[in-house]
1. List, in order, the whole-Hz ³J(HN,Hα) value for each residue of segment 120-130 obtained from phi through the Karplus relation with A = 6.51, B = -1.76, C = 1.60 and θ = phi - 60°; use x for Gly and Pro.
2. Students often get this wrong, so check it: of K79/K146; K2/K143; K79/K143; K79/K121, which have C-alpha atoms separated by over 31 Å?
3. Can you give the net charge of the other residues whose Cβ lies under 13 Å from the Cβ of E49, counting K and R as +1 and D and E as -1?
4. How big is segment 7-91 by Rg and Dmax over its Cα atoms, in Å?
5. Where does the longest stretch of the chain lie that holds no trypsin sites (Lys or Arg not before Pro) found in a DSSP loop with 16 or fewer other Cβ atoms within 10 Å?
6. With the cut-off at 27 Å, report for the chain the share of all Cα pairs above it, as a whole percent.
7. Considering the dipole of the chain built from charges on the beta carbon (Lys and Arg +1, Asp and Glu -1) around the Cα centre, which of T59, A78, M107 is farthest to its positive end?
8. Could you please report the charge total around G89, scoring K, R as +1 and D, E as -1 over all other residues with beta-carbon less than 12 angstrom from its beta-carbon?
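Here, each number is a calculation from the coordinates, and none is a lab measurement. If you're wondering where the values come from, they're calculated on a predicted model, not measured in any experiment. Note that we place each Cβ from the backbone using ideal geometry, even for glycine, and neighbour counts take in every protein chain shown.
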Amino acid sequence: MKVALTFSGCHRRGGVERIMLECANFMASRGHETHIVTAEHDARFLHPEIVVHRVPVGTGNELSQLKNFVQNGPEIVAKVAPETLGTFGAVTPPGVCWVQSVHAAWMEISAQRRDWKGRLKQRLNPFHPYVLNLEKERFGGRKYDKLIALTPNVKADLMRFYNVNESDIALIPNGFEPRGKKNISQTVDKYTG
C-alpha cells in the first residue's frame, strides 16, 4: 500500500514529531511504500526506504511558517497521491487524523491559569485564533476520513468543542513502555490486530 504521513516535523525532539517518525518507520518496516510530507525531518532515524517530501515554509516566525506549511502541504500530498493519508492534527490536509490534543481545550485550561494580563496577551497572539480556525474547519467541518484520539479526554474534547460524532473517533493511545522494551509499533499491533 502507498502511504503518506504528514505533519510539520518528523524527528525525535518533539511529541507529535516523534509519533509521526515512529508511524512512518512502522509502516515502512511492514513493506508499505511510505512517504512523509514535512517541513523538517531527521533522516538518521528514518527507515531507509521512506521517501521524504519537504514542504517549503520559509524562515519567518512560527505563525508564518505554520501558514506556509498549511498552504503548501496539500499540493505536495496531492502529487504523492497516496492510497492512505495519515495526518497529525488540524494543520494537515484531510485524511485519517491522529489528534494528540485539541487546541480549544488547551486555550480553556490555559485561560484559567493566567491573570488578566496573561489572558489578554494570549487573546492578542495571532497564532491561537489561526489554529482554532483550522480546528473548527477540520473537525467541525467534518474534513477527515477518521479521527484517532490519543486519550479519552481528547475524544471528549473533540465531541464537546466541535460536535464530532463519537463513531468518527477511534481511541488509540501512544505506545510507551518505561523500560524501553516496547514501542509504538507493538501498541498499534495490539489495537489494530
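1. 5, 4, 5, 5, 7, 6, x, 4, 5, x, 4
2. Working: K79/K146 22 Å; K2/K143 21 Å; K79/K143 20 Å; K79/K121 40 Å.
Violating the 31 Å limit, Cα to Cα: K79/K121.
3. Values: positive: K2, R30; negative: E33.
Combined, the nearby Lys, Arg, Asp and Glu give +1.
4. For segment 7-91, the Cα-based Rg and Dmax read 12.3, 38 Å.
5. Values: sites that count: R12, R13, R30, R114, R142, K143, R179, K181, K182.
Of all site-free stretches, the longest is 31-113.
6. Numbers: 5524 of 18528 pairs.
Summing the P(r) tail past 27 Å for the chain gives 30 percent.
7. So the residue furthest toward the plus end is M107.
8. On the way: positive: R138; negative: E17, E135.
Result for the neighbourhood of G89: -1.
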